[in-house]
């Protein structure tokens with residue numbers, strides 16, 4: 001699972017837990033190659049990459065975590081009418 005934390009949220013967590021492996025992991029800076037790999041992804045309206053994304057570095061490159069747009073219809077949910085408000089979790 002991946003959770004985006006704002007700086008103030010991260011600070012609250014770090015204040016409330018004792019030093020140890022989790023604190024060390026949360027304080028780790030982004031990999032130095034992150035920006036270069038994130039910038040190399042060809043994005044469009046259906047594919048986005050956050051500038052502080054997670055990368056999994058290998059010898060010859062990296063996997064870059066990205067966001068892919070999937071419509072309700074593509075996921076098997078009914079599409080919304082123009083006047084309908086989106087719900088937190090559409091039901092089939």
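Taking every residue in the stretch 1-28 that is exposed (fewer than 11 other Cβ atoms within 10 Å of the Cβ) and pairing it with any residue that is assigned to a loop (DSSP other than H, G, I, E, B), at least 6 positions away or on another chain, the pairs with Cβ-Cβ distances below 9 Å are 2/54; 2/65; 4/50; 4/52.
Answer yes or no as to whether residue 82 is loosely packed, with under 11 Cβ neighbours inside 10 Å, modelled with pLDDT under 90, part of a loop (DSSP other than H, G, I, E, B) and more than 18 Å from the chain's Cα centre (by Cα). For residue 82, the condition - loosely packed, with under 11 Cβ neighbours inside 10 Å, modelled with pLDDT under 90, part of a loop (DSSP other than H, G, I, E, B) and more than 18 Å from the chain's Cα centre (by Cα) - is met.
Please find, within the stretch 10-45, the residue that is farthest from residue 71 (Cα to Cα) out of those that are part of a loop (DSSP other than H, G, I, E, B) and touching a helix residue (DSSP H, G or I) at 6+ places or on another chain (Cβ under 9 Å). Across the stretch 10-45, the extreme among qualifying residues is 17. The set of residues in the stretch 46-65 that are under 16 Å from the mean Cα position of the chain (by Cα) and not in a strand (DSSP E or B) comprises 46, 49, 50, 51, 52, 53, 54, 65. Of the residues making up the stretch 51-60, those that are free of Cβ contacts under 8 Å to residues at least 24 places away in the same chain, surrounded by 10 or more Cβ atoms within 10 Å (Cβ to Cβ) and in contact with a helix residue (DSSP H, G or I) (Cβ under 9 Å, 6 or more places away or on another chain) number 2.
The values are calculated or read from the model by the stated rules, or taken from the named source; none is laboratory data. Keep in mind that what you see is a predicted model, and the values were worked out from it rather than measured. Virtual Cβ from ideal backbone geometry, glycine too; neighbours counted across all protein chains shown.
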